[in-house]
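No value in this document is a laboratory result; all are computed from the given coordinates. Treat the numbers as computed from the prediction; the structure is a model and nothing was measured.
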C-alpha cells in the first residue's frame, strides 16, 4: 500500500486538506486551542467533496511535519482522544442527561426496595419455627418499620433498618429530581407533576424528541405492550400510559378517564413545546390548561 | 488485561466467524476501520492483530468504556462520530485494508456502502448483518439476500455469507472484497 498513496503529495492545493496542517499537537501546547482548531477544520471540510484525498502517514512524513509512522499515529490518536473527551464532557454536562441518569437510579432504588421488602415480609410472615404464621400480614401497617424499631441485632433486623434509611434516601432523591425537573421542564412539571414529567422524559429519550411528539403519543407513552397488542391483535387500545399517575386521570371515573387523559396529553404537548422553545414558565397558559383539564373531568 | 485472553465466540461476532472458519486474515501492518465499536471488546482483540484500528462509535456511554480500552491499547484511534456521516471523520482516516461493521441500524448496508471509499481496492469488508434490526418481520434469509445484492451493486465481489446462528441468533457475517480497478 505504501507506493499507492504517496502520489501527488507535492500538490500545493492539497496540503490544506489535511488535519495535520492545521492542528499538530506538538506545536500547540494548549489542549483547548487544539480542539478549537480541530472543530474549525471539521467545519471547513465536512460536507465537501474531499473524499478522494484521505490523509496518510506517508504524506505527513513527506511534508516534514513528523518523522515516522509511529509519530503520526500517536499524534492522530491524541487528537481523537481530545475530541472524544470533549464530546463526552458536553454530553455529561447536559442537565437533561443528568436528569435521565438520576431517574434510572431512582428506578433501580425502587426495584431494590420493593424486592427486598417482599422477601423480608415473606420471611417475617413465616414465623420463627416455620410451623404457624405468627404475624399474619395485615393491611395498612408496615412490618419492615416495625421490625426495624425492635432492639434485635440479627441480620434481618439490621437489614430492615437499612431499608428504612434507604426509603429516606429515596425521598431525598425524589426531591432532587423534582427540583431539577421543575427547572428543566417548568410548564409540563406544573401540569403533570415533576416526577411524572421526568418519567415521561425518560420514556421519550430526550427533550427534543419529547417536544416534537404528537399528543396522542404522549397519551400512551409508557403503555407500550398494551399499544402493540392493540395494533397486532386488536385488543382494546390503551387509554393512558404514564400520565395515568396524574391525579385527575386516576381519580376520574372509568368512563371519563379516556377524555381526561386525552385533554391532559394535548395540553402537555403544548407545555412541552413552550418548555423546549421558550424555557420559561407561562402562567396564563398554565391557568387555561388547568381549566381545560378540569372541564374534561366533569 | 493479561498476556493471554480468551476470545469467546458467544460474546464477539468476529470470534464466532473465526470459529466457523471463514474469517479473513489480519496482518500486523493492516489498518482497520471499525464501525460501531461499542464498548471496545472486539476492538481490543482486533487491535492485538492489526496495525491501527479506527474505532467509530457515537453513543456516549459505550464511548467511556472504549476510551478506557484505548488507554491500554495504543493502536486504537477512537472516533466519536456517526458512522452514517463519514464526511465528519473523513479528514482523519487513511485508506484502510479492512472495514468491519457491527451496527444495529436499519440502514446497515447503506452505512457500509457509504464507508466504502475508505477501503483500498482489493480490501475486505466484513459486515455483521443484524437481520432483526433491518426488519423484525421479514425472514432473515430474505434480508440477507437483499443485502448481498446491494453489496454486489456497490463494487464488491467474492461475497461469502456465514450464518452465526450457532452463537448469535439471526446474524449473518458477510465477507466481501472491493473490486480492483
message: Could you work out [θ]222 nm for the protein assembly as shown from helices alone, using -39500 (n - 2.57) per DSSP H run of at least four and dividing by all its residues? Round to the nearest 500 deg cm²/dmol.
response: -17000 deg cm²/dmol
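Please state, to two decimals, what the Cα-based radius of gyration of region A:185-298 comes to when divided by 2.2 N^0.38 Å (N = residues).
On the way: Rg = 13.6 Å, N = 114, 2.2 N^0.38 = 13.3 Å.
Against the compact-globule rule of thumb, the ratio is 1.02.
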query: For residue A:146 and residue A:74 in one chain, what is 0.36 nm times their gap in residues minus the Cα-Cα distance, to one decimal in nm?
result: 19.7 nm
- prompt: For region A:232-298 and region B:120-138, what is the separation of their C-alpha centers, rounded to whole Å?
  reply: 43
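May I ask you to work out the translational diffusion coefficient for the protein assembly as shown at 4 °C, viscosity 1.567 mPa s, via Stokes-Einstein with Rh from the Kirkwood sum over Cα pairs, reported in whole µm²/s? Each step should come with its number before you reach the end.
Details: Rh = 26.9 Å.
In µm²/s, the coefficient rounds to 48.
Under 8 Å for C-alpha pairs, at least 6 residues apart: give me the relative contact order for chain B, rounded to a whole percent. Can you show the working numbers first?
Working: 326 pairs, mean separation 34.7, N = 181.
Relative contact order, chain B: 19 percent.
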